[in-house]
Amino acid sequence: MKKQLLVLTAVLGVASMGWASDKGDVKANATDRLDNAATVLQQVMGTPDKGIPQEVMDHAKCVAVVPHMIKGGFVFGAEGGRGVATCRTANGWSAPAFFSIEGGSWGLQIGVEGIDLVMVFQNDKGMQHLLESKFKVGGDASAAAGPVGRHASANTDWKMNAEILTYSRAKGAFAGLTLNGAAVHEDKDAMDAIYGPNVTEREVLTGKVPPPASAHAFLSAVRGAKAESAEK
């Protein structure tokens, strides 16, 4: 067991080293993250029968994507990744904010894998947690595995009870994901690299900061996801 824990720590440590590369690369990495998040969302919504339902996207206050989140475990699990989020404003979707997510969950899990994570914030309360730049999924903000398919079932309580709907994609399979216990907080290095110092997530996500050119693909994917969903 001790050897297994050391292996897991080493694997996640390597991932962290990759995230925290040279300061001069932070802006390039943040731009890559935006592009990868756009690709994830386009691919997910390109298969409507297995993607996020129209009703969920129509009701979304914010959308967050973590491309290739590291998830591993040997009796317990551990998650870690960096993502981007945008929120709906009176003038359309906001410029993207950058965040990190990390945490642990108990359960029988073997191996380490990379998954794509999508979080859909369904109400104002959930959005406020994101604006605060630090919260715990399932603790501060209620979360549930999101429904998958062309339409959300009328028998589910996804709209009434969950502030955040969570999804994962691993090895081509897309499904709702239970992500309780994960901590979400601002990725200050990426925020500073893209927007300069002293710009907060709240300012970005409430539309007070114009989106950079590097955000075009990601914001187009979010707008397109809703439009494509509505056409199906």
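See the values below:
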item	result
For V204, V199, V26, V66, order by how many other beta-carbon atoms lie within 10 Å, fewest first	V199, V26, V204, V66
Per-residue Cβ neighbour rank within 10 angstrom, fewest leading, R202, R169	R202, R169
Cβ-based exposure ranking for Y195, Y167, in which fewest neighbours within 10 Å come first	Y195, Y167
Over 26 Å between alpha carbons, listed pairs K50/K208; K61/K136; K61/K134; K27/K134; K50/K125	K50/K208; K50/K125
Nonlocal amide H pairs with G207, under 5 Å, H built at 1.01 Å	A95
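Bear in mind that the values in this text are calculations on the coordinates, not laboratory data. In this text the structure is predicted, and so the values were computed from the model without any measurement. Counting neighbours? That spans all protein chains shown, and the Cβs are built from the backbone with ideal geometry, glycine included.
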